[in-house]
Amino acid sequence: MATILVTGGNRGLGREVCRQLAEQGHDVILTARDAEAAAQAGRDLGVRHLRLDVADPASIGAAAAQVDALDVLVNSAAILYDTWQHAVDADLDVVRQAAETNLYGPWRLAQALLPALRRSAHPRIVNVSSEGGSLTSMGGGTPAYSASKAGLNALTRMLAAELRPAGFLVNAVCPGWVATDMGGPGGRPVRDGAAGIVWAATLPDNGPTGGFFRDGRPLPW
């Protein structure tokens, strides 16, 4: 059984990841930026819960102080799928806002929880990314979201390289187009998108690191 902290766990993909991990018998810490939303989701799923706003360094510090030991960090919280914008005239304040949650949030949280993760015999970090952040397939549109996810992919590669000697497995996962509040109707079932994240969170010690995956299969960076 692993102790696993999941950000953005009160709804959508994060909630389903928590549900699937709890179903497997893991000790899940569900987090959300709203304390009551975290508490309600935690009660619904029968898991531990914490208030954690990944865009707020003080909130990250307070949450990290309550986590003594941790096996897996799943960075699932994300915002701003900005379909109305284009790079040529994007509102850069919106881009900065997306980066605070989608890139700097996971980065700060990984730094804050690193001492707890180092106590684990099987440390894992899973960054929930998007094929929208793949430079190979990137086109125009959704500049705030795509740029922040490309940055998250870069962070994944750097952390994987730096933490490999300590036995960490650090990977990025694209869940695909999923029918959530952010993804909108018409996407694949949430349970299917979450399954690839759960796969990365529960990799064996000889599993991959520094990779980008969907449904357990590699994606191009």
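Every number in this text was worked out from the coordinates using simple rules, so none of it is lab data. Computed from a prediction, not measured in an experiment: that's the story for all the values here. Heads up, the Cβs are rebuilt from the backbone with ideal geometry, glycines too, and the neighbour counts pull from every protein chain shown.
Computed on the chain, with alpha-carbon pairs under 8 angstrom and 6+ residues apart, the relative contact order is 19 percent. In region 101-221, the DSSP beta bridges split such that about 20 percent are antiparallel, to the nearest 5.
With the highest mean first, a sort of the peptides 199-208, 83-92, 63-72 on other beta-carbon atoms found within 10 angstrom per residue produces 63-72, 199-208, 83-92. For region 83-156, the direction-averaged projected area of the alpha-carbon convex hull comes to 5.4 nm². For P(r) over Cα pairs in 10 Å bins from 0, in percent, the candidate list reads (1) 6, 23, 28, 23, 13, 5, 1, 0, 0; (2) 7, 22, 20, 10, 7, 6, 5, 5, 5, 5, 4, 3, 1, 0; (3) 9, 37, 40, 14, 1; the entry that matches the value derived from this model is (3). The amide H of Arg48, built 1.01 Å from its N in the peptide plane, has Val28, Leu30 as neighbours under 5 Å, considering only residues 5 or more places off or on other chains.
Most simply put, region 3-218 has about 10% antiparallel DSSP beta bridges, counting only bridges with both residues inside it.
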